[in-house]
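So the structure is just underneath, and the comments pick up after that.
The values are calculated or read from the model by the stated rules, or taken from the named source; none is laboratory data. Predicted, not measured: the structure shown is a model, and the values here were computed from it. Positions of Cβ are backbone-derived with ideal geometry, glycine not excepted, and every protein chain shown enters the neighbour counts. Remember, those area values only see protein heavy atoms, side chains included, never the ligands or the DNA or RNA. Shrake-Rupley method; radii C 1.70, N 1.55, O 1.52, S 1.80 Å.
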Amino acid sequence: MEKGIIVASFGTTFEEAEKLCIKSIEKRVKKEFNGYYTERAFTSQMVINKLKKRDGISVNNVTEALGKMKNEGISQIYIQSLHIIPGHEYNKLVNQAELFKKENQDIIVKIGVPLLYDDTDYERTVNSIEIPQIKPDEALVFMGHGTDHSSDTSYSLLEKYFRKEYSDNIFIGTMEGSITLGNIIPQLFRRKIKKIILMPFMLVTGDHVINDMAGDKGSSWKNTLIKGGFEVEVNMLGLGQNKKIQDIFISHLKTIIENN
C-alpha cells in the first residue's frame, strides 16, 4: 500500500462529540477510499496532551502522523483538513506538512482545503444546513469559533450567503472573532425580535457549544439572550454530524487525489 490519507481536525476532549462529529467523517473516508492507509491527526496539541493525561489516549499531531505514514512505506500522502476556515490551525497544518516535504522530497504530500475556501464552498455549506422557517419576529443566531486571523471575515461573508438564500434575520457571531454576541444583540432589539433559534457553526459539539453556547450557568449565549428577554430555542447539531457537510470535506479530498 503506497497511498495514505490523514484526516486532520482541531480535535476534542468530548468523547460523544468525537464519535458523532469526527469519527463519523473518518469512517466515511475509510469506506470511500478503502484502498488507502488512513490515519487521524489533531492539530491542537493542548487537546492531544489532555487526552493523554486524562484518559491515556494517544493521538498524533500532523507531524507525527506523517512520520508514521513514512514508516509504513507510504509514498503518496493526502491530508484532509476538517477545519472550518483557513485560519491559524489550518496554517499550522500546512506549515508542518511543508517542513515534512522539505525533509522527505521523495514523498508526495497534498493538502485538502477547509470547509470554507471558495465561493462554491459557501454556497454548498448554506445549502447543506437545514434552516427552519424564520418568522418576522424570530432570528437564527449561529455561534462560530472566530479568530484573530484575517480569515475571520469568512463568518461575515457566510452570513451574507445565508441571508441571500433564506432570511435577513440570520446572524453569525463568534466566541473569539470580531463579531460577538454583543454586536448582534442590539440588532435583535432594533428588529423587535422575540425568539432566537441558537445553533452552533462548529465541527464538534464540544466545550464551546455545551457550555459557552447552551450552558445553563454563567454568561452563556443562551443565558445572555434569556436575560435580554428573548425566548431561546437551542439546536445542538455539530457540523461534523451533517452528511452534506461531510460531503464537502470528501469532495475536497477527492480533488487533491484526482488532480495528482
Could you tell me how many of the residues in segment 97-144 are free of Cβ contacts under 8 Å to residues at least 60 places away in the same chain, outside the structural domain of MET213 (by the TED database) and in a strand (DSSP E or B)? 1
Tell me, please, whether a residue that is in a helix (DSSP H, G or I), closer than 24 Å to ASP121 by Cβ, open to solvent by 10 Å² or more (accessible area, probe 1.4 Å) and touching a strand residue (DSSP E or B) at 6+ places or on another chain (Cβ under 7 Å) can be found in segment 159-169. yes
Mind checking whether some residue in segment 40-56 is over 30 Å from GLY146 (Cβ atoms) and either touching a residue at least 40 places away in the same chain (Cβ under 8 Å) or over 17 Å from the mean Cα position of the chain (by Cα) (or both)? yes
Total residues in segment 1-23, condition closer than 18 Å to ASP55 by Cα and among the polar types (S, T, N, Q): 2
For ASP152, state whether it is within 23 Å of GLY112 (Cα to Cα), in a loop (DSSP other than H, G, I, E, B) and charged (D, E, K, R). no
From the list SER151, SER156, which residue is assigned by the TED database to the domain that holds ALA214, over 25 Å from PHE33 (Cα atoms) and in contact with a Pro (Cβ under 6 Å, 6 or more places away or on another chain)? SER151
Filtering segment 111-149 for residues that are surrounded by 16 or more Cβ atoms within 10 Å (Cβ to Cβ) and under 24 Å from LYS244 (Cβ atoms) leaves a count of 24
The number of residues in segment 211-250 that are assigned to a helix (DSSP H, G or I) and touching a residue at least 12 places away in the same chain (Cβ under 8 Å) is 16
Considering only segment 28-39, state which residues are modelled with pLDDT of 95 or more and over 17 Å from the mean Cα position of the chain (by Cα). LYS30, LYS31, GLU32, PHE33, TYR36, TYR37, THR38, GLU39
Helices (runs of 4 or more DSSP H) wholly inside segment 1-80 containing at least 3 residues that are in contact with a helix residue (DSSP H, G or I) (Cβ under 9 Å, 6 or more places away or on another chain) and of a type outside the set (A, V, I, L, M, F, W, C): 24-32, 62-71
